[in-house]
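Contents: one structure, followed by commentary.
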Amino acid sequence: MRAIFLDRDGTINAGIPKYERVDNINKVEILPNAVQGLAKLVELDYMLFFVTNQAGLAEGLISQSDFDAINNEVLKRVAPSAAVVTKTYVCPHGEGSTCDCRKPKPGLLLQAATEYNIDLAESWMIGDRLTDIHTGINAGTKTILVQTGSIKEAPEATFVAVDLLEAAQYIAESL
């Protein structure tokens with residue numbers, strides 16, 4: 001099975017530079033072309049996953065129920081795309097943690113690969129930060145940096161896209 005791993009905040013939902021932390025439901029703001037990009041990904045034969053670092057959980061800025069409410073609101077707002085996000089993988093640890101799940105470590109992608117029999121070499125990691133790109137590289141996936149955050153270049157990425165729609169079009173064209 002193939003998968004597309006999507007960072008959530010900054011890739012689907014507004015993140016940096018607008019919000020340092022998405023710590024309440026009022027900060028759910030779907031980025032331009034994200035729904036269209038997800039709709040394009042639906043046409044392809046990939047499982048979809050969210051993969052997100054949430055240091056706010058470790059810092060006590062949000063509770064697990066706050067995170068769940070925010071994530072459910074994001075899923076609700078992208079529902080017009082018909083995308084089915086199989087699972088949201090979250091690292092609840094803070095920066096500097098020695099856990100295996102905090103991006104750029106590949107733990108969350110490796111966990112998904114084991115749980116869903118995913119061929120990582122045939123899969124993609126899409127995100128707005130270099131940690132997302134390095135996570136994909138560390139897990140053995142292809143990678144796309146979307147320029148919807150503050151990072152605009154990633155020479156190590158497979159591709160750099162303006163937004164999720166351009167990323168989805170690139171994946172479709174590379175099949």
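The values are calculated or read from the model by the stated rules, or taken from the named source; none is laboratory data. Remember, it's a predicted structure, so these values are computed and weren't measured experimentally. Note that each Cβ is placed from the backbone with ideal geometry, even for glycine, and that neighbours are counted across all protein chains shown. Surface areas here come from the heavy atoms of the whole protein model, side chains and all, with no ligands, DNA or RNA. Shrake-Rupley method; radii C 1.70, N 1.55, O 1.52, S 1.80 Å.
Comparing V42, V22, V51 in a Gaussian network model of the chain where C-alpha atoms under 10 Å apart are linked, the largest mean-square fluctuation is found at V42.
Comparing S123, S65, S150 in a Gaussian network model of the chain, where Cα atoms under 10 Å apart are tied by springs, the biggest mean-square fluctuation is seen for S65.
Between P80, P106, P32, which gets the highest mean-square fluctuation from a Gaussian network model of the chain, Cα cutoff 10 Å? Ranking P80, P106, P32 by mean-square fluctuation puts P80 first.
The modelled label-to-label distance between A121 and E95, using points 7 Å beyond Cα along the C-beta direction, is 3.6 nm. For region 2-76 and region 137-166, compute the distance between their C-alpha centroids and round to whole Å. Centre-to-centre (Cα) distance: 16 Å.
With all protein chains present, how much of the accessible area of the chain (probe radius 1.4 Å) comes from carbon and sulfur, to the nearest whole percent?
In the chain, the share of accessible area belonging to carbon and sulfur is 51 percent.
Out of every Cα-Cα pair that the chain contains, those further apart than 18 angstrom amount to 56 percent.
Each of Q169 and A39 was given a label point 7 Å from its Cα along the Cα-to-Cβ line. The distance between the two points is 1.4 nm. Per residue, the accessible area of the chain comes to 44 Å², computed with a 1.4 Å probe over protein heavy atoms only.
Here's the picture: a label point sits 7 Å out from the Cα of L61 along the beta-carbon direction, and within region 87-107 the residues with their amide nitrogen under 20 Å of it are 89-99, 101-105.
When you filter the GluC sites (Glu not before Pro) in region 51-100 for DSSP loop state and at most 14 other Cβ atoms inside 10 Å of their Cβ, you are left with E95.
Relative contact order of region 58-175, taken over Cα pairs closer than 8 Å and 6 or more residues apart, is 15 percent. Count the net charge of all other residues whose Cβ sits under 15 Å from the Cβ of N13, scoring Lys and Arg as +1 and Asp and Glu as -1. That works out to -4.
Around Y46, with a cut-off of 15 angstrom between Cβ atoms, what is the net charge of the other residues, counting Lys and Arg +1 and Asp and Glu -1?
Around Y46, the charge tally is -1.
Loop-located trypsin sites (Lys or Arg not before Pro) in region 71-175 (DSSP state not H, G, I, E or B) with no more than 14 neighbouring Cβ atoms inside 10 Å: K152. Under 16 Å Cα-Cα from K152, which lysines qualify once same-chain neighbours fewer than 8 residues away are excluded? Excluding near neighbours in sequence, the set is K18.
Residues with beta-carbon under 9 Å from that of I171, excluding I171: net charge, scoring Lys, Arg +1 and Asp, Glu -1?
Taking every Cβ under 9 Å from that of I171, the sum is +1.
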